[in-house]
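Here's the structure, in structure tokens; my notes come after.
The values are calculated or read from the model by the stated rules, or taken from the named source; none is laboratory data. What you see is a predicted model; the values in this text were computed from it and never measured. In this analysis, Cβ positions are derived from the backbone assuming ideal geometry, glycine residues included, and neighbour counts consider all displayed protein chains.
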Amino acid sequence: MNSETGFDPELLNRFPTSEERPKGEVEELNRIWAAPSGWARLTVVNNNYIGIFYTGTAFLFFLLAGALALVMRTQLALPLNGILPQETYNQFFTMHGTMMMFLFAVPMMEAIGILLLPQMLAARDLPFPRLSAYAFWAYFVGGLSFFASLFFGLAPNGGWFMYPPLTSITYSPGINADFWLLGIGFIEISAIAGAIEILVGVLKTRAPGMTLARMPIFAWAMLVFAGMIIIAFPAVILGTLLLEFERALNWPFFDAARGGDPLLWQHLFWFFGHPEVYIIFLPAAGLLSMMVSTFARTELVGYHLIVLAILATAFISFGVWAHHMFTTGMPDLSISFFSAASMAVSVPAGIQVFAWIATFATGRPRYNTPTLFLLGALITFVMGGLTGVMVALVPFDWQVHDSHFIVAHLHYVLIGGAVFPMFAAFYYWMGMTSSRALSERLGTWVFWLMFAGMHITFLPMHLTGLMGMPRRVYTYLPESDWMATNLISTIGAFTLGAGILLFLVDLARNFRFTVEDDAGNVYGGGTLEWLPTGLYSTRSIPVVRSRSPLWDDPNICEDVEKGRYLLPNAPTGHRETIITSPLRAEPQYLQIMPGPSPWPLLAALFTAGFFVLLTIQAYTPAVISGVLTIPCVLRWLWETDRPVAVRTADVGAGIRLPTYVTGPSTHGWWATIILLIVVFMIFLMTVFSWFFLYGIHPRLWSAPDNLLSLVPVLGGYGAAAGLLFLGRHLLARTKSTHWSPATQILLAAIALVAAFGIDLWSWRESALDPELSAQAALTFAFLSQQGLLVAITAIMALYLALRNARAMITRPRNTTFDVVFLFMLYTAGQGSVTAVLTRLAPAGFPA
Amino acid sequence: MNAWVLLLGGLTVWAIHFFLLYSFASLFPGQEIARILTLAATAPALAVDALLLWAAAGRAFQTDELDRWVYDVSATGAALSFIAVIWQALPALLV
Ligand code: HEM
Ligand SMILES: [Cu+2]
């Protein structure tokens, strides 16, 4: 066997060990990992709790959005029905679509990931428990406030994709649209926080020996899911930012008369929006793969093809966004490229479907409620995929665009690709979090009601669409021939609703949350989440030698429980988990993890407060709330990154791992790099917008008159970079005095502020007015991003100085220092590119 | 890191190729040059795919389980990408 990190893989053969473990270790683990009780329970950070809160909240939003759907279906049951007036109907479909996509589907997958992944990877917890807590609370508060807008008639009404000019201030003067822009922008921040957690978790906290080739498929799916969020979500964050700027400050990004273009929004939105569909589908498919293997009682057929299919889906899904824009008059050749890619993206989905069928065919399948949901998902998803290939054909799409055919298609894919798999997963994994399993007898009813309801609702809807009924209309005329199919659809919707109601009854009767005495492995799965666990996850962390360890090693549960594997205790006396290498999962070091804390919760409340108050135009309170976030975040971080007394610790069988490591192999470094990729993607999308708008209206662009200011700006950013490297160099020289490295960082921050200040000042002095041209507006959009980065780095530099003053900066290297260093260096880089790009490109502006 | 380059190599070629094609078609809407550039970009993309396929398939007979798996997935990915790149360029000849 080869090694990735220099760790000798033979060492792992010492496990399971045979000597008795000393008494009291389990009690110690229980004490360290205990969740606070009473009101303090709100400050909990363990993944079991956060995961279940998260799943519960996402399910709540599913129910609320579903209720809106039933009201809409009631309105559409008969022609000229009077239940919902037009304006309310508009708000309902917008809220239904937006909540289903942003508050239910994506968060639900993230929630299931947070709940299952640590157990599946046999980690004690995900690497940043407080970040999960923050992501959850931000989502919880933000989501509920967003939903509440409905009760004040202030809910957004521009459809879930919010196209301008309909959503620009001229046609949507109220604050309804702002609720969408700020609310969704905010929820995306929470999604990204979760994605960073999941990415680093899957890459760095897998049980030793769990190589890439032995990872559970769900972990693969979540890895790709999180990667896609990192690449896709920045596009919509930028889009919402620009549209909000346009509405609030009259900067014309999407106004054709002043050099903007409404199609820019469509590009930005769908560059996110299509991958979003796969962001939802891939984790669900991952869950299906895991369950298929268990129910067929055999290894998954074509594991490596499924991994490849997941990766291929992720890549290709970024090349299909414009299939939502076939009717906008793009060049023929471009349209054909997108059409070709859209057909290609169905191939990897097909690979997975065939692998599942093959697994069932070679195994000895069992039939129970989750199997039913699984097969229902397959059938429904395949049907949605077929209509998907139909609308990928341009002429067909021209025919059915914006009709109920599309509504039918999208519900087939989403319900087949996410909702049914989710219900299957609920039944299958219930034994992990509940002391009782759900009822098989009721479950059969739940399934058939939901399955029948789904098809009765949406199958006839294809026909309604083909007969010409547009989507997003609140009613229709009796003469229109759409009566029969609409009535059937409504009956189906209530059947589906009855199924969900029955599921709630089952939940109320049987779901009892527990960490210790769960119902367990009811269906006989072979992966690590079925090891016996407590709040500390598994007693000891097993060495993984195959893809289904529980099937291949009948003793593993006992050995794990008796502490015969790694980390059977808490050698440092803190919460800790083993960090392993990304390819081969070789143990690298022990990560010390933070415990419960109110600060992530408070930070989330204040961030949410900032966005909500901003929406209702209470600017001063908004700013106060925003500023209050900063000390909360800093306070939460303050307790982290502290070396412990013991430099290395015995993790069992005489293997010693360091307890404090710095540099590129650490979880902190990885998280910073991923965050910087997000920032960079937002920037890259702005660059795209820049060239896109230039390409549309080159004649409206003019050469800037502040070329000379480039010299001091670049000088300032260059100086900052130099100071940063100097600071790092000094930190490594242990002899230098107490203050010097942090001083370099402070000076670097000053250089950044100065460079940015000069840049901003030179633009304000120039003749370009951001209210008059999209060119100037985009320039100021670049500057806004840079200003935010510079402000953050200034806070970081002060924070570092404070830690330095308390002698918390370790030498020769230190993680907090590295994080600040990377962030500031990046800021200097983006600032320089911004300065050059806004002045010089596209080369030689026609005057 | 080499393993990641191989694993994602084929798909990355597809992605770069796709975005080049999209840029050509947008920069030169309705012009013949867009087709020519498309074909010009397709040849090197296919060459890189072939190279990746050769590099991965040549090493697929390893005793180490993970190495074998990585080369296996990489080779299949490169082959898939080869076909997908041709498919992606076809509109330049057909439309
Ligand atoms: C529970 C069963 C469901 C029913 C009965 C239902 C019904 C509806 C109805 C009546 C519309 C409005 C059609 C129109 O007037 O244009 C709609 C739109 C939509 N639904 Fe559903 N839906 C259901 C579940 C879902 C789920 C699970 C998702 C996503 C995960 C979803 C996502 C959407 C989206 C994205 C739209 C488009 C909204 C827009 O036009 O802006 N729906 N649905
Ligand atoms: Cu799409």
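Results for (1) more than 13 Å from ligand 1 (Cβ to nearest atom); (2) under 14 Å from A:Gly66 (Cβ atoms); (3) not in a loop (DSSP other than H, G, I, E, B), shown as yes or no for each residue.
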{"position": "A:Gly443", "(1), (2), (3)": "yes, no, yes"}
{"position": "A:Met454", "(1), (2), (3)": "no, yes, yes"}
{"position": "A:Thr457", "(1), (2), (3)": "no, yes, yes"}
{"position": "A:Tyr476", "(1), (2), (3)": "no, no, no"}
{"position": "A:Gly492", "(1), (2), (3)": "no, yes, yes"}
{"position": "A:Leu496", "(1), (2), (3)": "no, yes, yes"}
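Against the conditions (1) under 22 Å from B:Leu7 (Cβ atoms); (2) within 15 Å of ligand 2 (Cβ to nearest atom); (3) out of contact with any Gly (no Cβ under 8 Å at 6 or more places or on another chain), A:Ser289 satisfies every one except (2). If you go through the stretch A:378-435 and pick out every residue that is charged (D, E, K, R) and away from ligand 1 (no atom under 11 Å from the Cβ), you end up with 1.
Is at least one residue of the stretch A:250-261 over 12 Å from A:Ala777 (Cβ atoms), in a helix (DSSP H, G or I) and modelled with pLDDT of 95 or more? No; the residues of the stretch A:250-261 include none that is over 12 Å from A:Ala777 (Cβ atoms), in a helix (DSSP H, G or I) and modelled with pLDDT of 95 or more. In the set (1) facing chain A (nearest Cβ under 9 Å); (2) closer than 29 Å to A:Val307 by Cβ; (3) at pLDDT below 95, B:Gly9 fails one condition alone, (1).
Kindly indicate which of A:Ala340, A:Ala349, A:Ala361 is in the same structural domain as A:Gly286 (by TED's automatic domain parsing) and either touching a Leu at 6+ places or on another chain (Cβ under 7 Å) or of a type in the set (Lys, Arg) (or both). Walk me through it before giving the result.
Details: A:Ala349 fails: either touching a Leu at 6+ places or on another chain (Cβ under 7 Å) or of a type in the set (Lys, Arg) (or both); A:Ala361 fails: either touching a Leu at 6+ places or on another chain (Cβ under 7 Å) or of a type in the set (Lys, Arg) (or both).
Criteria check complete, one pass: A:Ala340.
Condition check ((1) closer than 28 Å to A:Asn30 by Cβ; (2) not assigned by TED's automatic domain parsing to the domain that holds A:Met432; (3) not aliphatic (A, V, I, L, M)) across all residues:
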{"position": "A:Thr88", "(1), (2), (3)": "no, no, yes"}
{"position": "A:Met109", "(1), (2), (3)": "no, no, no"}
{"position": "A:Pro127", "(1), (2), (3)": "yes, no, yes"}
{"position": "A:Arg130", "(1), (2), (3)": "yes, no, yes"}
{"position": "A:Ala133", "(1), (2), (3)": "yes, no, no"}
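Taking A:Val347 as the residue in question, decide whether it is β-branched (Val, Ile, Thr), touching a helix residue (DSSP H, G or I) at 6+ places or on another chain (Cβ under 9 Å) and surrounded by fewer than 19 Cβ atoms within 10 Å (Cβ to Cβ). In short, yes.
Given (1) within 13 Å of ligand 2 (Cβ to nearest atom); (2) within 27 Å of the chain's Cα centre (by Cα); (3) farther than 30 Å from A:Gly499 by Cβ, identify the lone condition not met by A:Leu410. With respect to (1) within 13 Å of ligand 2 (Cβ to nearest atom); (2) within 27 Å of the chain's Cα centre (by Cα); (3) farther than 30 Å from A:Gly499 by Cβ, A:Leu410 is out only on (3). In the set A:Ile280, A:Ile306, A:Ile310, which member is within 16 Å of ligand 1 (Cβ to nearest atom), touching a residue at least 40 places away in the same chain (Cβ under 8 Å) and either out of contact with any Asp or Glu (no Cβ under 7 Å at 6 or more places or on another chain) or within 14 Å of chain B (Cβ to nearest Cβ) (or both)? Every option except A:Ile280 fails the conditions.
The residue that is nearest to A:Ile500 (Cα to Cα), among those in the stretch A:441-457 that are surrounded by fewer than 22 Cβ atoms within 10 Å (Cβ to Cβ) and β-branched (Val, Ile, Thr), is A:Thr444. Identification of helices (runs of 4 or more DSSP H) wholly contained in the stretch A:1-111 with 3 or more residues that are loosely packed, with under 15 Cβ neighbours inside 10 Å and at pLDDT below 95 yields A:25-33. Within the stretch A:689-723, being within 30 Å of B:Leu27 (Cβ to Cβ), more than 36 Å from the chain's Cα centre (by Cα) and crowded, with 16+ Cβ neighbours inside 10 Å holds for A:Leu700, A:Trp701, A:Pro704, A:Asn706, A:Leu710.
When only residues in the stretch A:112-135 that are part of a loop (DSSP other than H, G, I, E, B) and out of contact with any His (no Cβ under 7 Å at 6 or more places or on another chain) count, which is farthest from ligand 2 (Cβ to nearest atom)? Top of the filtered list is A:Arg124. Against the criterion of being part of a helix (DSSP H, G or I), aliphatic (A, V, I, L, M) and facing chain A (nearest Cβ under 10 Å), B:Leu21 qualifies. Could you please find all residues in the stretch A:326-353 being assigned to a helix (DSSP H, G or I), within 16 Å of ligand 2 (Cβ to nearest atom) and not polar (S, T, N, Q)? The answer is A:Phe326, A:Ile335, A:Phe337, A:Phe338, A:Ala340, A:Ala341, A:Met343, A:Ala344, A:Val347, A:Pro348, A:Ala349. In a residue-by-residue description of the stretch A:780-789, the property of being of a type in the set (Ser, Thr, Tyr) and in contact with a helix residue (DSSP H, G or I) (Cβ under 7 Å, 6 or more places away or on another chain) applies to no position. Given the condition at the interface with chain A (Cβ under 10 Å from one of its Cβ atoms) and not hydroxyl-bearing (Ser, Thr, Tyr), answer yes or no: does some residue in the stretch B:37-49 qualify? No, the stretch B:37-49 contains no residue that is at the interface with chain A (Cβ under 10 Å from one of its Cβ atoms) and not hydroxyl-bearing (Ser, Thr, Tyr). Residues that are closer than 19 Å to A:Gly329 by Cβ and out of contact with any Gly (no Cβ under 7 Å at 6 or more places or on another chain) within the stretch A:260-286 comprise A:Gly260, A:Asp261, A:Pro262, A:Leu263, A:Leu264, A:Gln266, A:His267, A:Trp270, A:Phe271, listed in sequence order. With the structure loaded, tell me whether A:Ala322 is more than 16 Å from ligand 1 (Cβ to nearest atom), modelled with pLDDT of 95 or more and within 14 Å of chain B (Cβ to nearest Cβ) or whether it fails that test. Taking the combined requirement at face value, the residue does not satisfy it. Scanning the stretch B:56-72 for any residue that is in contact with a Leu (Cβ under 8 Å, 6 or more places away or on another chain), small (Gly, Ala, Ser), without any contact (Cβ under 8 Å) to a residue 60 or more places away in the chain and away from chain A (no Cβ under 11 Å) turns up at least one such residue. Filtered by the rule that a residue be of a type in the set (A, V, I, L, M) and surrounded by fewer than 13 Cβ atoms within 10 Å (Cβ to Cβ), the stretch B:41-67 gives B:Ala43, B:Ala47.
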